Amino acid sequence: KWPRGDESVWKQGLRSVNTDVPSITKSIVNHVQTSLARQAYNLDDLGAYQAAALSVRDDLILNWNDTQIHYTQKTPKRAYYLSLEFLMGRTFDNALLNLGLKDQYREGITKLGFNMEDLLEQERDAALGNGGLGRLAACYLDSSASQELPVWGYGLRYQYGIFQQLISPEGQQLEQPDPWLAGGENPWELPRLDVTYEVRFYGTADRLPGGRALWQGGQEVLAVAYDVMVPGCYTKNTNNLRLWESKPKRGFDLNSFNAGDYEHAVESSNSAAAITSVLYPNDHTTFGKELRLKQQYFWTAASLADIVRRFKNIAKPFSEFPDYVAIQLNDTHPTLAIPELMRILVDEEEIPWGKAWDIVTNTVFYTNHTVLPEALEKWPVPLMEHLLPRHMQIIYDINLSFLQAVEKKFPGDRDRLARMSLIEEGFPKQVRMAHLACIGSRKVNGVAELHSELVRTTILKDFVEFEGLSKFSNVTNGITPRRWLDQCNPELSALITKTLKVDKSVWLKDLDRLKELLPYAEDAAFRKEWAAIKQRNKERLAHHVETTLGLTVNTNAMFDVQIKRLHEYKRQTLNILGVIHRYLKLKQMSAAERKKVNPRVVFFAGKAAPGYYIAKLTIRLIVNAARIINADPDTRDLLTVYFLPDYSVSLAEVLIPSSDISQHISTAGTEASGTSNMKFCLNGGLLVGTVDGANIEIAEAVGENNVFFFGHLTPAVEDLRYQHMYRPVPVEEKCPALANVLDKISSGMFGDGEVYEPLLNTIRQGDFYLLTDDFDSYIGALDMVDKAYLDKEEWIKKSIRTTANMGKFSSDRAILEYAESFWSIEPIKVP
Ligand code: OX2
C-alpha cells in the first residue's frame, strides 16, 4: 500500500539512473544552472567537474537508497569493517566505470565543450590514510559492493588527510596541511545531520552490584554521520562507508559566555571539534598521544552505538547478535570495540558478564598487519584510566578471568602469565592492544602466508598454544582490478576484453579469467600490441612529469619504480645505494662499453612520517644523488633518477601501468604483505624483490622465472642481526662495493657528506635491516634484469604471463574469504 498522498503523482516525480547521453547532459546543465548558479559563459573546468560529479552523485544516491532499503527489509547478517584509515583516492572516474557510464559521460562532456581527462584532474584525492593499510580498506569496500556483500565501512571524517609533501631545494621533505574539504561541498558524501550519538570521555565509573557500573560526568561530544557511497561494479548494489565527525554537544558554554569569559566558552567546543581534525601521519609507530586515543574511542563508540541501534530495530534477543553482526578490526586501532561492546551489553543492556563475553567473542574478528615491535600498540594505563575509566575496569576484569584460565592450563608458569597479560608491567604500566584484540576475537589473521606464520610463531605464539591453532589463519591481501587495471590502464583493459571475448564486467569480477591470456604470449601480433600499450603508458607518465615538474624523461629507457612509504625496513636506501653503485660503474666504462648498456630511469615516490629523521635523510640522499647523476653528460642517457613529490593514489595510477620493473625489497620477514607489488604485476610490470610478504605468493602464481628474487631468507635474519651485534665485520671487508658507495657519499660527491652520516651509520653500525648482507645479491638481481631485458620478445612474454597469473590477487577473492570463512555472510543482490 502506498504510504502517503497520490501514488501516481509520486511516481511521476521519481527518476531513475540517467543512462543516455541527452539525459546526462540535461542533468549536468541543470546542476550548472541551479546547484552552482552558473552558466555556460562562466564555467571553468572545476565548475564543469562539479556539475558532472553532482549528476553522478544523483545516480549513486538512487542505487545507494535502494540498497539500504533492501538490506533493511531483508535483514541479512552484515559485516562492519572498522578502519581508522580509508585511502579512497578519487571517486569520479571509478564511479563512472563501475556504473558503466564512462563513455556516455565522455560524449556528453565533449558535447558541452569540455574534455573528460581535464575534468578528472580537477578532483582532489580523498587521502584519509597513510599507505597500504588504508588503501586495502578502500579496495575491500570496492570488492564488497562489487560482490554484492552487505558490508559497511566505519571510519573518521578527518578535516585534514595525509599531509602534502613538498621537497625543498636541499632535498628536505616539508609538510603542508591537506584541507581536502576546503573546496566546498564534497559530492561523494551525504551529510546525515540527523544521525548522531553522544560519546563520553573522562568522568567517573562507579561499580554497581551484579558486575555493572555507572559511568558519568566528564566530557560529552557529538558524533555526526557522513555517508560515502561505494558503488559496486556493474551492479545496483551501492554500499556505505560511514565516517564520523566530532562536534561539541552544545555550541559553547553559555555560563562562561555570559560572564564574559569567551575563551573558556569556546574551549570545550574547540576540543570536541579537534578530535576528527587530522589524520595521524605515522605509519608503523605509536606515539601514546591522548588525542589519538580519543579518536579511537570516539570512532569505535559511535560505530558500535550505530550497529547496536540497527540490531535493536529487528527486535531479536542479544544472544542472536553474532547471527546478524560481524565486526572486523583493521589492525588494533579499533580494539576498544571489545571493551565498549562489553560495556554496552553489561551496563546498558544488563546482560550477565559471561553471556556478554560470549557475544563479543563471536562477533569480533582481528586482522594483524605487522610484526614490527615498534608498531604494536600499547596505551599507558594512567591515560586509559583517566580518559576511559569504565573501559579500564572492564579490561582489568577481562584480564583477570583470562589469566585464571591460562594459569589453569599452564599451572605455575609465571613467565607465561607475564608474557600474555593484557597489562605490561613497567613505569607506566601499559595495555597491550594486540593481546586484547586477540582474546576478544573469534578469528585472528595475518595478511600473507609468511606473515600469518610469523604471527603464529612470534608475537602471538603463546596465544596459539593456549587457544589452539584453528583460531589463527591467513587471508592474503588483494587489490581491486577495477581501479588498478580497468581505471588506471584503460588500454590494457580494452585489449584484455577484446582478447578474452567477454564483457569486461565478467573478467573484472572473476579475475582468474586472465589465465586465458596465457596462449597469447606466443602470438607475436598480440605481443606487439601489449608492448605498445606499455610504451604509451610510459609516455603518459613522462608527460605527467614534464607538465608537473618540467623535467624530460627518456621513454626509451627501462622504467624502474619504487613507490611506498619511506621506512628503513622497506629499504629505499638499498635502492639509492644501488643506483649510485650503477652510476660509479658507468663512469668507469669506456664509451664502447657504455653502448651496450640498457638505459634506465629510476623513479621514487613516498612520504616519510614528519618525525622520522632517518627516512627524511633517505629522501634527501635520493634527491641530491638524482641532481648530480641527471646532470652528468657521460651517463645521463643511460641513467636518470627522479623523486616525484607528494605520492598519492592518483600518482600511483599513472606510475604503476608504466613500469617495466618495480622494487619490493624489504628485509625478509618485515613486510607483512605489500599490495603495490600486486598492482605492478597485474599491469605487466616485473617484480624485483626479497622473499618476503606477498612477493612469495606472487612468485608462486606467476612462476619464479618471471620474478627477480634476491637476499637472505627470513630464518637467517635473527642470526645475522646477532652477528652484527656481537661479531661485527667492517663494511669494507664484508661488502667492498657498498663500502665504496658509502665513501663516495661521505666524501661529498652528492653535497655535504656530513649531512648523511647518521643515515650511513645505521649501515656501518648495527645494520639492523641487513643492507650489508643483501647488497651484493641485490646488485646481482639487477644485473639479471639487465640481461633479461636485452631479449625484448622474451621480456614481453614474461610481462604477459605475469598479468595472466595474477587472478588470485583480486580483492574479490580476499573479501569472499573473509565473508565465507570468518563472517558467514552471503551476497544479497539488490533487484
Ligand atoms: C601495512 C603493511 O605494512 C603492509 O605490508 C600491508 O600490505 C598493508 O598494511 C595491508 O595489509 N600499517 N600499515 C601496514 O601495517 C600497518 C600496521
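Taken together, the values in this text are just the output of simple stated rules run on the coordinates, not laboratory data. These numbers were taken from a predicted model, which means no experiment stands behind them. Here Cβ is always computed from backbone atoms with ideal geometry, including for glycine, and neighbour counts include all displayed protein chains.
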Fill in: Difference of contour (0.36 nm per residue) and Cα-Cα distance, LEU14 to GLU757
260.7 nm
Discussion item. Compute and list, largest first, the equivalent-ellipsoid semi-axes of segment 654-694 from the alpha carbon gyration tensor, each √(5λ) rounded to a whole angstrom.
Written reply: 19, 9, 7
Worksheet item: Once fully extended, how much extra length lies between ARG309 and ASP637, figured as 0.36 nm per residue of separation less the alpha-carbon to alpha-carbon distance?
Response: 111.6 nm
Item to complete: Pop the C-beta distance of THR110 and ILE628 into the FRET formula with R0 = 56 Å and round what comes out to the nearest 0.05.
Response: 0.75
Practice prompt. Provide the net charge surrounding PHE114, with neighbours chosen by a C-beta distance below 13 Å and charges set as Lys +1, Arg +1, Asp -1, Glu -1.
Written response: -4
Fill in: 222 nm mean residue ellipticity, helices alone, for the chain (DSSP H n ≥ 4; -39,500 (n - 2.57); rounded to 500)
-14000 deg cm²/dmol
Response to the item:
Most exposed first, judged by fewest Cβ atoms within 10 angstrom, SER821, SER27, SER143 run SER821, SER27, SER143
Practice prompt. Beta carbons within 10 angstrom, averaged per residue: use that to sort the peptides 302-313, 52-63, highest first.
Written response: 52-63, 302-313
Worksheet entry | Rounded, prolate or oblate (a/c below 1.5 giving rounded, otherwise prolate when a/b exceeds b/c) for segment 90-167 by Cα gyration tensor | oblate
Worksheet item: What is the calculated FRET efficiency for LYS528 to ASN362, with r their C-beta to C-beta distance and R₀ = 56 Å, to the nearest 0.05?
Response: 0.50
Fill in: Virtual paramagnetic centre 7 Å along Cα→Cβ of HIS544, amide N under 16 Å, in segment 100-124
117-124
Discussion item. What are the membrane-span-like helices in the chain by this rule: whole DSSP H runs, Cα extent along the axis at least 20 Å, mean Kyte-Doolittle hydropathy at least -1.0?
Written reply: 45-74, 132-146, 290-313, 389-409, 524-549, 572-588, 613-631, 771-790
Fill in: Residues THR499, THR635, THR332, sorted so that the one with the fewest Cβ neighbours within 10 Å comes first
THR499, THR635, THR332
Item to complete: With label points built 7 Å along Cα→Cβ from the Cα atoms of LYS289 and TYR396, find their separation and express it in nm.
Response: 2.9 nm
Worksheet item: Distance from the Cα centre of segment 553-571 to that of segment 401-467, in angstrom?
Response: 38 Å
Practice prompt. Report the paramagnetic label zone for ASP206: residues of segment 369-408 whose backbone N is under 13 Å from a point 7 Å from Cα along the Cα-to-Cβ axis.
Written response: none
Item to complete: Under 1.5 on a/c is rounded, so check that first for segment 534-812, then, if it is not, pick prolate when a/b is larger than b/c and oblate when it is not; a ≥ b ≥ c are the square roots of the alpha carbon gyration tensor eigenvalues.
Response: rounded
Item to complete: Report the label-to-label distance for GLU718 and ALA259 in nanometres (one decimal), using points 7 Å from each Cα along the Cα→Cβ vector.
Response: 6.2 nm
Discussion item. For LEU87, LEU208, which order do you get if you count the other beta carbons within 10 Å of each Cβ and list the fewest first?
Written reply: LEU208, LEU87
Worksheet item: When the convex hull of the Cα atoms of segment 584-666 is projected onto a plane and the area is averaged over all directions, what value comes out in nm²?
Response: 6.7 nm²
Worksheet item: For LYS538, which aspartates and glutamates qualify as cross-link partners when the Cα separation must be under 15 Å and same-chain residues fewer than eight apart are set aside?
Response: GLU491, GLU529, GLU546, ASP560, GLU653, ASP660
Fill in: Length gained when the stretch GLU374-ASP415 is fully extended (0.36 nm per residue, less Cα-Cα span)
12.6 nm
Item to complete: Taking just the C-alpha trace of segment 64-477, give me its Rg and Dmax in Å.
Response: 22.6, 79
Practice prompt. Pop out the ³J(HN,Hα) list for segment 280-287 in order, Karplus 6.51 cos²θ - 1.76 cosθ + 1.60 with θ = phi - 60°, rounded to Hz; leave Gly and Pro as x.
Written response: 6, x, 9, 10, 6, 9, 10, 10
Practice prompt. Bin all alpha-carbon pair distances of the chain at 10 Å intervals from 0 and give each bin's fraction as a whole percent.
Written response: 2, 12, 22, 25, 20, 13, 5, 1, 0
Worksheet item: What FRET efficiency would be calculated for the residue pair GLU794, MET725, taking the C-beta separation as r and a Förster radius of 41 Å, to the nearest 0.05?
Response: 0.40
Discussion item. Just to be sure I understand the model, the point goes 7 Å from the Cα along the line to the Cβ. What's the resulting GLN216 to ILE614 distance in nm?
Written reply: 5.2 nm
Discussion item. Going through the cross-link list LYS249/LYS429; LYS247/LYS829; LYS102/LYS534; LYS289/LYS316; LYS585/LYS616, which pairs have a Cα-Cα distance over 31 Å in this structure?
Written reply: LYS249/LYS429; LYS247/LYS829; LYS289/LYS316
Worksheet item: Can you list residues whose amide H is under 5 Å from SER277's amide H, if they're 5+ apart or on another chain and H is modeled 1.01 Å from N?
Response: GLN159
Item to complete: Could you tell me whether segment 61-106 comes out rounded, prolate or oblate from its Cα gyration tensor? Rule is a ≥ b ≥ c as square roots of the eigenvalues, rounded for a/c under 1.5, then prolate if a/b exceeds b/c, otherwise oblate.
Response: oblate
Practice prompt. For every other residue with a beta carbon closer than 13 angstrom to the beta carbon of VAL597, add +1 if it is Lys or Arg and -1 if Asp or Glu, then tell me the sum.
Written response: +4
Worksheet item: Mind checking which aspartates and glutamates have their C-alpha under 13 Å from LYS528, skipping anything on the same chain fewer than 8 residues away?
Response: GLU793, GLU794
